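Contents: one structure, followed by commentary.
Each reported figure results from applying straightforward, stated rules to the coordinates on display, with no laboratory input. Not measured: the values here are computed from a predicted model. All Cβ positions, glycine included, derive from the backbone under ideal geometry; neighbour counts span all protein chains shown.
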Amino acid sequence: MPQGIRRRSLLQGLSGAAGVSLLGGAVAQDAPRRLPIPPLLDARAQGGRIELVAQPGETEFWPGVASATAGYNGSYLGPTLRVHSGDEMRVRVTNQLQEDTTVHWHGLLVPSAVDGGPHNTIAPGARWEPVVPVRQAATTAWYHAHPHMRTGPQVYAGLAGMLIVTDAHEQGLRLPSRYGVDDLPLVLQDKAFGRDRRMVYPSGHMQAMHGVHGNAMLVNGVPQPVAPVPAGLVRLRLLNAGNARLLDIAVDDNRAFHWIATEGGLLREPVSLRRLSLAAGQRAEILVDFSDARPAGMVSLAAQGRSLPVMRFEPQGAATSAAALPARLAQWESPPAARTARRRRLVLASGGMMMGGMGGMGGMGGMGGMGGMGMHTIDGRPFDMRRIDQRVRLGDAEIWEVTADGMVMPHPFHIHGVHFEVLSRGGQAPVVEDQGRRDTVIVDETVELLVRFTQPAGERAPFMYHCHILEHEDMGMMGQFTVA
Ligand code: C2O
Ligand code: CU
Ligand code: CU
């Protein structure tokens, strides 16, 4: 297919879907397909080198129906990158798209100069070759496109992948770690399909207000797949790579599972849960015990009514007795809250005003003519590439108090280049699910975060903090900060 047509269909598929009629209700499944496992690129196995090509493509989410998509080294999503803590990733990204892109290492604690925030643009045809030093505990992170005002459409098109950091401590715990066998990367995304089963990027008033929600769940790019698993303990690395939807993950027979890791790595000890919320941008690792050999489904529970089916698991072989879990997983020290350098207050607001053409914010990106910049703000102002909103001292710990204002909805608030811990929620002690080292947190009530700034960020490429509902981010709910 000629590039010109591909570009048109990519852009149309991504932003021209206002008023399209969507496939109704639960999207009917043909025969469930097997869960695909993204190829594993282990940096150590290739001399530290990671090669990524951002490219347009076409993907058959439903047999015989091709949708315009984009991916890294393929037509949709990207390989799983695995890197050992202490190593360097020598990355080469080539942009074969016909628009600017960037690649952000979401969850890596690295200097902003080698992180692909909106300032580190890769033009069409150009290359970006950062050397990324990885110096943090084992964790499940991810990478995704992050260009100015186009993060929503590019991630939606498929420009995202998982990034696993491993280290000697984690390997010594003997958690399930056979990639694709008992250690499954699960990239969870809800996507909107039209009546013709083509993927669309709906862009109406609803999407501008609440972000893009889909009518079918994909896991690793396949609608509601089925995964054969060993009859035993299985580790699931969950990544909510959807644009907006807040997932509430459970097993459909209501069995308990062990929650073992957050965005920032392993918890201090396993936590038994029956449901786990996962906002856009968040990750979690859980261990599910399939030693009874009974098949089960994973669902996202809905506040009212039917739950959304996500995928199914089919244990292979006879029942076994499950392996024991380590009682302790990780240790880390939190800086004493009383000795933080300072406190900042941030107010996230949605739906305050519809701006149209106010304040010289110029043209719109993904969300075309609907509202646009200024509809979503932090501290009363929409994002501005040329304005540094906060200046932090390298090495400091601070308390960030983050509040949501205006239309009441939970915003997944994310900060680049840091881990934080939740000190309080709604004026109370944090809830069980707030524990651990985080980089993304749900803000509906006021939260107090204890943030440690260990990575430098200069004026040329500052770090971002933003709502991870990507349409909120693209339309202004983002700020930037330097660390020096
Ligand atoms: Cu995944 Cu700036 O974010
Ligand atoms: Cu990030
Ligand atoms: Cu938001």
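In table form, for the structure just shown:
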| quantity | calculated |
| --- | --- |
| Theoretical gain in end-to-end length, A341 to A322 [0.36 nm per residue, Cα-Cα removed] | 2.2 nm |
| For q = 0.07, 0.10, 0.11 Å⁻¹, Debye-computed log10 I/I(0) when each Cα of the chain counts as one equal scatterer | -0.33, -0.71, -0.87 |
| Relative contact order of the chain, defined on C-alpha pairs under 8 angstrom at six or more residues apart (%) | 15 percent |
| Charge sum, other residues only, whose C-beta stays under 13 Å from P176's C-beta, Lys/Arg counted +1 and Asp/Glu -1 | -1 |
| Bridge type composition, the chain - antiparallel percent by DSSP, nearest 5 | 70 percent |
| Inter-label distance, nm, simple model (7 Å from Cα along the C-beta direction), A293/R34 | 2.1 nm |
| Extension gain, N254 back to E445 (0.36 nm per residue minus Cα-Cα distance, nm) | 66.0 nm |
| Computed label-point distance, nm, for sites R391 and A484 using a 7 Å Cα→Cβ extension | 0.7 nm |
| Computed [θ] at 222 nm, deg cm²/dmol, the chain (DSSP H ≥ 4; -39,500 (n - 2.57); rounded to nearest 500) | -2000 deg cm²/dmol |
| Whole-number percent relative contact order across the stretch 200-335, with pairs defined as alpha carbons under 8 Å at least 6 apart | 31 percent |
| Global form of the stretch 196-318, assessed from the alpha-carbon gyration tensor, a/c cut-off 1.5 | prolate |
